[in-house]
Amino acid sequence: MLKAFVLRLFSLLLSLFPLVLQAADNISVLGSKPRWDILEHYQETITHDEFANLINGVYCTHGFAPDLIEINDKSARILMNRDAQKSFTLRFCADAAPRKPVPRLWRPAKSLPPASGKKPLSGLKVALDPGHLGGKWAKMEERWFQVADSKPVQEGDLTLRVARFLASRLRKLGANVSFVRNSDEPTTSKRPGDFRDLARKILIKNGVPQPRPDVLDPNDPAKEQTIRWQSEILFYRYSEIRRRAARVNFKLHPDLVLCLHLNAEGWGDPNSPTLTDINHLHLLVNGSYLAEELEFDDERFEMVRRLLSRAYGEELPLADTIALAMARETGLPPYAYPTTNSTTRVGTSGYVYARNLLATRLFHCPVVYCEPYVMNSKDVSARIQAGDYEGTRTVNGVERKSIFREYADSVAEGLVNYYSKARGGSHSPNAMSQTAPRRSNY
Ligand SMILES: [Zn+2]
């Protein structure tokens, strides 16, 4: 008994001792140490009520450990690191006091000069982020399926194609458009082989003491416990999106990032995918952090920084406006998440959710993340196979535009509607009509 107690005490001391000298960083996968000093620039830029409403209604809708954020009358205390027991104190601006300006590199629509009716997006800097990689990477990303001997469907190729259509439309409307990705090659210089050691460590930490190196059967769910699968996802998701964020934040400096994706329902075997009648649309903005995500020092810091930048005040009405234009053009119903575990419905359109994705969190500007179309629905699958064409054609029994043009046109229309109104310029009445989404045969 005594021996056991001594041993336990000894191991307790061992685990505590190094922490006294240097607090352990608690950082998410491939994340970097938070620069809390940056938040000094946001002192007295937000009132108590604004801060509390954003925390409770947008960012921390799933709750959080009580020691992480403490909201008092005049300030909020945010834990920087639990082991070190160090906190950052954010001083609120008094309700009646003049606000200090919010430091940010992006410009809200209202601060852009009024625009002409023909160029409602003049001067706006938009970065397009076509989701995933496509090309030879699509199978690795698990964004690939093939129906019989038809052309394989690769999400990363579809999103890039949409982005190129969208870029030309936005440029005609006066926007300054850049691409976060404009090829089917990765933005990151890393490759899966660079992450094998890290993959092994992550697996061991997650209770797989002797991880297998390779996937033996691609349909085996245990494949996620192999070093190959983990090192691949570290490459194509974590490293790639963090690299895109560096490009957006330090090079492109846009006023807005549009992340372009197509959705899917579970398709099972990619060589014999399940086709479904289900089809839907939704858009995402950043928020709805999980309690366990807020435990990471970097994610908590990024959440507070994003909140203080007020990106939400811009991205939410923008997402709602784009959603209505997309709903009208595509006729798609809103997606309903099967659970509310990771998302929170926000806004007024019924199509927008808050969710903490890497891309919605890491880009330092408003981000609207579009998820229209279920790729493995019978209808969308037929439209993808029909490819691009001018004008309209009958596909799967309905006459309509090519899916690429429909996607690009509807996003462009949403931007025109939002910026025309916010900038106070004149514009065609048709572009502003906010009628209910048209019902169609979905
Ligand atoms: Zn996607």
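The values are calculated or read from the model by the stated rules, or taken from the named source; none is laboratory data. All values reported here derive from a predicted model rather than from experimental measurement. Cβ placement follows ideal geometry from the backbone for every residue including glycine, while neighbour counts extend to all protein chains displayed. SASA here: full protein model, heavy atoms, side chains in, ligands and nucleic acids out. Shrake-Rupley method; radii C 1.70, N 1.55, O 1.52, S 1.80 Å.
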Query raised in the report: If you take the square roots of the eigenvalues of the alpha-carbon gyration tensor of the stretch 122-258 and sort them as a ≥ b ≥ c, do you get rounded (a/c under 1.5), prolate (a/b over b/c) or oblate?
Result: oblate
Query - Cα lying deepest toward the dipole's positive end in the chain, options L30, G391, Y289, charges on Cβ - result: G391
**Report entry** Whole-number accessible area per residue in Å² for the stretch 264-324, which is evaluated in the context of all protein chains at 1.4 Å
**Finding:** 29 Å²
Report task. May I ask you to evaluate 6.51 cos²θ - 1.76 cosθ + 1.60, the Karplus curve with θ = phi - 60°, for each residue of the stretch 132-143 and list the ³J(HN,Hα) values in order in whole Hz, giving x for glycine and proline? Result -> 6, 10, x, x, 6, 8, 4, 5, 4, 6, 6, 10
Report task. Compute the relative contact order of the stretch 212-316 as a whole-number percentage, counting only Cα pairs closer than 8 Å that sit 6 or more residues apart in sequence. Result -> 13 percent
Report summary line: In the stretch 48-175 the accessible area split gives carbon plus sulfur, as whole percent at 1.4 Å, a share of 54 percent
Query raised in the report: If you count the DSSP beta bridges with both ends in the chain, what percent of them are antiparallel, to the nearest 5?
Result: 50 percent
Query raised in the report: Under the classification rounded if a/c is under 1.5, otherwise prolate if a/b is larger than b/c and oblate if not, where does the stretch 227-326 fall, given a ≥ b ≥ c as square roots of the Cα gyration tensor eigenvalues?
Result: oblate
Report summary line: Diffing the stretch 101-118: the Karplus 3J(HN,Hα) column from phi (6.51, -1.76, 1.60, θ = phi - 60°), in whole Hz with x for Gly and Pro, holds x, 7, x, 6, 8, 8, 10, x, 3, 5, 8, 7, x, x, 10, 7, x, 7
Query raised in the report: Considering the chain as a Gaussian network with a 10 Å cut-off on Cα pairs, which listed residue, K205, K378, K172, attains the greatest mean-square fluctuation?
Result: K205
Query raised in the report: Rounded, prolate or oblate: which fits the stretch 71-167, taking a ≥ b ≥ c as square roots of the Cα gyration tensor eigenvalues, rounded meaning a/c under 1.5, else prolate when a/b beats b/c?
Result: oblate
Requested in this report: Mind checking the full-extension length gain between D217 and D149? Use 0.36 nm per residue of separation minus the Cα-Cα distance, one decimal, nm.
Outcome: 22.2 nm
Query raised in the report: So between A291 and A336, what do we pick up on full extension, going 0.36 nm a residue minus the alpha carbon distance?
Result: 14.0 nm
Query - the chain - percent relative contact order, Cα under 8 Å, separation 6 or more - result: 21 percent
Query raised in the report: When DSSP beta bridges are limited to those with both residues in the stretch 33-192, what percentage is antiparallel, rounded to the nearest 5?
Result: 75 percent
Query raised in the report: Can you give the accessible area of T340, probe radius 1.4 Å, in Å² rounded to 10?
Result: 100 Å²
Query - Accessible area (Å², per residue) of the stretch 86-173, counting only protein heavy atoms and a probe of 1.4 Å - result: 51 Å²
Report summary line: Taking Rh as the Kirkwood radius computed over alpha-carbon pairs of the stretch 268-389 and applying Stokes-Einstein at 4 °C with viscosity 1.567 mPa s, one gets a diffusion coefficient in µm² s⁻¹ of 82 µm²/s
Query - Gain upon complete extension [I38, D197; 0.36 nm per residue less C-alpha separation] - result: 54.0 nm
**Report entry** Residue among Q154, Q85, Q146 with the largest mean-square fluctuation in a Gaussian network model of the chain, springs linking Cα atoms under 10 Å
**Finding:** Q85
Query - Interchain or long-range residues, amide H under 5 Å from V352's placed H - result: L283, V346
Query raised in the report: Check G331: other-chain or 5+ apart residues with amide H under 5 Å from its amide H, H built from backbone geometry?
Result: R438
Report summary line: For the E390, N249 Cβ pair and Förster radius 41 Å, calculated FRET efficiency rounded to 0.05 is 0.60
Report task. Grab the DSSP H runs of the chain that are 4 residues or longer, score each as -39,500 (n - 2.57), total them, divide by all residues and round the 222 nm result to the nearest 500 deg cm²/dmol. Result -> -10000 deg cm²/dmol
Query - Per residue Cα convex hull volume in Å³ - calculated over the chain - result: 170 Å³
Requested in this report: Mind putting a number on the dipole of the chain about its Cα centre? Charges go on the C-beta only, +1 for Lys and Arg and -1 for Asp and Glu, and I need it in Debye to the nearest 20.
Outcome: 1160 debye
Query - Alpha-carbon centroids, the stretch 97-123 and the stretch 365-391: separation in whole Å - result: 31 Å
Query raised in the report: Label-point separation (nm) for F179 and K110, each offset 7 Å from Cα along Cα-to-Cβ?
Result: 3.6 nm
Report summary line: With x for Gly and Pro, the residue-by-residue ³J(HN,Hα) of the stretch 147-163, computed from phi through the Karplus equation 6.51 cos²θ - 1.76 cosθ + 1.60 at θ = phi - 60° and given in whole Hz, is 8, 6, 10, 6, 5, x, 9, 10, 4, x, 6, 5, 5, 5, 5, 4, 4
